[in-house]
1. Roughly what would the spin-label model give for residue 94 and residue 134, points 7 Å off Cα along C-beta, in nm?
2. At 0.36 nm per residue, minus the direct Cα-Cα distance, what do residue 111 and residue 29 gain on full extension? Give it in nm, one decimal, please.
3. In region 89-124, which residues have a backbone nitrogen under 16 Å from the label point lying 7 Å from residue 70's Cα in the Cα-to-Cβ direction?
4. Tell me the relative contact order for region 25-171 as a rounded percent, counting alpha carbon contacts under 8 Å between residues six or more apart.
5. Using a Förster distance of 41 Å, how high is the FRET efficiency between residue 80 and residue 48, based on the Cβ-Cβ distance and rounded to 0.05?
6. Ranked highest first by the average count of other Cβ atoms within 10 Å around their residues, in what order do 134-147, 89-102 fall?
7. Any idea how far the Cα center of region 67-124 sits from the one of region 134-148, in Å?
8. Please give the contour-minus-distance gain from residue 155 to residue 119: 0.36 nm per residue of separation, less the Cα-Cα distance, rounded to one decimal in nm.
């Protein structure tokens, strides 16, 4: 390759790279810990408490049935020697069927819990997204990343807008005016 063609190729690459580098230098980025925000906003705390109570009630019900089955098995074990083979097999089969039904009930309960959590959290997540969009628009942020799902290994805390998202969400208002660049960031 001649010197002239090398210089032309280099100039072409630089002419393409400079606008990208300039726009990247102007790109304002922030991140938010969505999981933490979801757990700290008032609606998220209330939803989590409702879900926890529902789960505890379901668990108590399952534990009660499990204890009843355990007692039934103990009774069967104690009386097994006095039963005929056919009766013992029938009782054991019935007990096994009840155990399987309880396991299925537990699995249905888990699926119901996941569905209930999704229903409870979806409107909260949508509102959090609106708050984040409002903050990003106000501050001219070109990119807001989720701390956990974005692959961020390290970022300066000054780029974390999680606290502001929680405050804005709980206040139910539009986000406050942007903080001056030289002003210390409050947490």
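A short reminder: the numbers here are calculations on the coordinates, not readings from a lab. In this text the structure is predicted, and so the values were computed from the model without any measurement. Please note: Cβ atoms are built from the backbone with ideal geometry, for glycine as well, and neighbour counts cover all protein chains shown.
1. 6.2
2. 25.8 nm
3. 99, 102-103
4. Numbers: 98 pairs, mean separation 85.4, N = 147.
Once divided by the residue count of region 25-171, the mean separation gives 58 percent.
5. Values: r = 46 Å, r/R0 = 1.13.
Efficiency at R0 = 41 Å is approximately 0.30.
6. Working: 134-147: 15.4, 89-102: 12.9.
Highest mean packing first, the order is 134-147, 89-102.
7. For region 67-124 versus region 134-148, the Cα centre distance is 49 Å.
8. On the way: separation 36, 0.36 × 36 = 12.96 nm, distance 3.22 nm.
Separation in residues times 0.36 nm, less the Cα-Cα distance, equals 9.7 nm.
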